[in-house]
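Accompanying notes for the structure given below.
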Amino acid sequence: MNRFTSILVANRGEIACRVIKTAKEQGYRTIAVYSEADASAPHVQMADEALLIGASPVNESYLVPEKILAAAAASGAEAIHPGYGFLSENADFARACEAAGLVFIGPSPDAIHLMGNKAEAKRRMIEAGVPCVPGYEGQDQSDATLLREAQSIELPLMVKAAAGGGGRGMRLVNEQAELANAIGLARAEALGAFGSDELILEQAIIRPRHVEVQVFADSQGNTVHLGERDCSVQRRHQKVIEEAPCPVMTPALRAEMGAAAVAAAKSIGYCGAGTVEFLLDERGKFYFLEMNTRLQVEHPVTELITGLDLVALQLQVAQGDVLGFEQADVALTGHAIEVRLYTEDPAQDFLPTSGMIDKWCEPAGVGVRVDSGIASGQEISPFYDPMVAKIIAFGPNREVARLRLIEALKDTVLFGPTHNRDFLVACLEKDSFAEGAATTAFIAEQF
C-alpha cells in the first residue's frame, strides 16, 4: 500500500493553498516550495514547512524536477501533489517521483504520457469507441500527407499541435489555400512551445460548447463520473467562466457523455482525478477533445454540486483506498458558477499586468466561495500565470447562482494591478449568458 503522512505541494498560488487546506484538515504534514518571488506568498505561510527552490523564473524553480525532488528529500516528504500546470502532466516527473520512493498524487506516468499527446490520445479514444472529431491523427507527418488528408476533412478545419495546449500551435483554416502556411506556422510554434512539431488536423466545430466530464477512479478499477462542467466562455482558448451543470444538459445526454468519459478513463487504466473534455455542437452531438490527467482549475463547481472534496478523494485513492461509492450514489444538486480573476487588462487584449497589491478583500455571503493565493502587500510577479483567485457562487438554481456571483464580484476589492473583475461582471450580465446560450464564440461575439 502507498501509505504516506506528509505531502509536498509542487505548486504555488491558489491551488497550492487549496491543496494544503484539505491536506491539513485530513491530518497530513504539509510542505510548500517557493521561488524568490514567492517568499512571502500565502501558500508559504499556510504550510507546516516551506523550502526555497530557486529564482523567480519558472525554469529556475517550479519547472525543475530535480529541485522539487531535492526539497522532498530535505523535508522528509512521502508524497507529492503537483496541483495543475507546471509539472502536473509531466510523465517523466511522475516517474522520477516513483523512482525516488515518493507517491505521486495523480495517475500513472503511462496514462499521463498517453493523454499528453493529442494524436496518440485520439487514436486510443477511437479504439475505445469514444466519439471523436473527424480528422487526421496519423504518424506520417510529411506536409504532403497533411495536405492530402486535409482534402477529405470538411472546412473549416483546425491545425493543432499534438503535444499542445492553451491555444498554442493551433491555426484555423477556412480555405484550402491557407493550409500550407497554417501548417508551417503551427509546426514552428509547437516546436518552440512544446519541443515537438507533430500536428493533427480536425474539422472545426463552429460555435460549440466546451463541456467536460469529471471522472474519478481508484486503483481497484472502480471508475465513476461526477457530472459535467460547461467551460464555453473563453479568451484565447483559456477558460474564463465555468459552471456545473451545463445549462443545456439533459439526463440522456449526461448519461451518454458520462459513459464515454468513463470508457475513456478505463481504456487507459486511469487512477485518480481526471477530466475528459468534449465539444458539444448545436445539434447535441459531442466529440472527444482531450483528457486532462490532473485536477482542473474549475473543480470547485463540481465540489459544490456533488458535496465531495476532490482533493480529499485524490489523497484517498493515492493511499490505495477504494473510492467508497458507485455511480448510482452520485447526485447533482443546485448550480455553481466560477469566474477566474486575472491581473490582466481586457481593454488591451487581456495583456497580463503586475505590481503591488495595495488592498485585497475577498467577498463573502451565502453560497459564495473564494479560492485565492494572494494577500494585501503582495507583489504580483510577471513570471507566473495572471490568475490570482477564483470567485465561485452556488445556488438552488442557475439564476440564483448567477446573481450571487455578480454581487460577490461587486464586493471584491483588488487595488493595485489592473484586473478583469468588471469584465467578468459584464459577461455574467449579458443576456446570452443569463439565458444559458453562451458558446466558445461568446467573448468574440459579445465584446
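The values are calculated or read from the model by the stated rules, or taken from the named source; none is laboratory data. No experiment lies behind these values; they were computed from the predicted model shown. Quick reminder, even Gly has a Cβ in these numbers, built from the backbone with ideal geometry, and neighbours come from all protein chains shown. For the accessible areas, the whole protein counts, side chains as well, though only heavy atoms, and no ligand, DNA or RNA atoms are used. Shrake-Rupley method; radii C 1.70, N 1.55, O 1.52, S 1.80 Å.
May I ask you to list the lysines whose Cα is less than 27 Å away from that of Lys430, ignoring any residue fewer than eight positions away on the same chain?
By straight Cα distance, Lys430 reaches Lys239, Lys285, Lys390, Lys410.
Order Thr145, Thr353, Thr333 by their accessible area, 1.4 angstrom probe, all chains in place, largest first.
Values: Thr145 10, Thr353 30, Thr333 85 Å².
The ordering from most to least exposed comes out as Thr333, Thr353, Thr145.
When ligands, DNA and RNA are left out and all protein chains stay put, how many square angstrom of accessible area per residue does the range 142-206 have with a 1.4 Å probe?
With all protein chains present, the range 142-206 gives 46 Å² per residue.
Students sometimes get this wrong: rank Phe383, Phe216 by accessible area, probe 1.4 Å, all chains present, largest first.
Order by accessible area, largest first: Phe383, Phe216.
Enter the accessible area of Lys430 (Å², nearest 10), with the probe set to 1.4 Å and all protein chains included.
Counting only protein heavy atoms, the figure is 60 Å².
Of (i) 39; (ii) 22; (iii) 14, which is the value of percent of Cα pairs over 40 Å apart derived from the coordinates here?
(iii)
With contacts defined as alpha carbon pairs under 8 Å and 6 or more residues apart, what's the relative contact order of the range 234-373 in percent?
24
For Asp349 and Ala99 in one chain, what is 0.36 nm times their gap in residues minus the Cα-Cα distance, to one decimal in nm?
85.6 nm
Can you tell me the length gained on complete extension of the stretch Asp140 to Phe415, counting 0.36 nm per residue apart and subtracting the Cα distance? Walk me through the numbers before you get to the answer.
Values: separation 275, 0.36 × 275 = 99.00 nm, distance 5.24 nm.
Full-extension gain reported as 93.8 nm.
Got a sec to turn the phi values of the range 197-211 into Karplus ³J(HN,Hα) couplings, 6.51 cos²θ - 1.76 cosθ + 1.60 with θ = phi - 60°, whole Hz, x for Gly and Pro?
9, 5, 10, 10, 10, 9, 4, 7, 8, 7, 6, x, 9, 9, 10
Per the 1.4 Å probe, what fraction of the accessible area of the chain, in percent, lies on carbon and sulfur atoms?
The nonpolar share, carbon plus sulfur, comes to 50 percent.
Go through Ser108, Ser61 and list them by solvent-accessible area, largest first, probe radius 1.4 Å. Walk me through the intermediate numbers first.
On the way: Ser108 45, Ser61 0 Å².
Solvent-accessible surface, decreasing: Ser108, Ser61.
Accessible surface of Asp371 in the full protein assembly, 1.4 angstrom probe, to the nearest 10 Å²?
In the full protein context, Asp371 sits at about 20 Å².
In deg cm²/dmol, rounded to 500, what helix-only [θ] at 222 nm does the chain give when every DSSP H run of at least 4 residues adds -39500 (n - 2.57) and the total is split over its residues?
The helix contribution divided over the chain gives -9500 deg cm²/dmol.
Express in nm, to one decimal, how much length is gained between Glu282 and Glu178 on full extension, taking 0.36 nm for each residue of separation and deducting their alpha carbon distance.
On the way: separation 104, 0.36 × 104 = 37.44 nm, distance 2.65 nm.
Once the chain is fully extended between Glu282 and Glu178, it gains 34.8 nm.
When only Cα pairs under 8 Å and 6 or more residues apart are kept, what is the percent relative contact order across the chain?
15
As a test question: what accessible area, to the nearest 10 Å², does His237 have when a 1.4 Å probe is rolled over all protein chains in place?
Counting only protein heavy atoms, the figure is 100 Å².
If the elastic network links every pair of Cα atoms under 10 Å, which of Ala318, Ala217, Ala375 fluctuates the most in the Gaussian network model of the chain?
Looking only at Ala318, Ala217, Ala375, the largest GNM fluctuation is found for Ala375.
Pairs Lys118/Lys266; Lys67/Lys122; Lys21/Lys118; Lys67/Lys266: which exceed 26 Å Cα-Cα?
Lys67/Lys122; Lys21/Lys118; Lys67/Lys266
What Kirkwood radius, in Å to one decimal, follows from the Cα pairs of the range 1-104?
13.2
How far apart, in nm, are the 7 Å Cα→Cβ label points at Ser152 and Asn397?
So the two model labels end up 4.9 nm from each other.
Picking from Tyr62, Val133, Ala96, whose Cα lies most toward the positive end of the charge dipole for the range 57-141 (charges on Cβ: Lys, Arg +1; Asp, Glu -1)?
Final value for the positive-end residue is Val133.
Between the range 71-87 and the range 49-64, what is the separation of their alpha carbon centroids in Å?
Their Cα centres are 12 Å away from one another.
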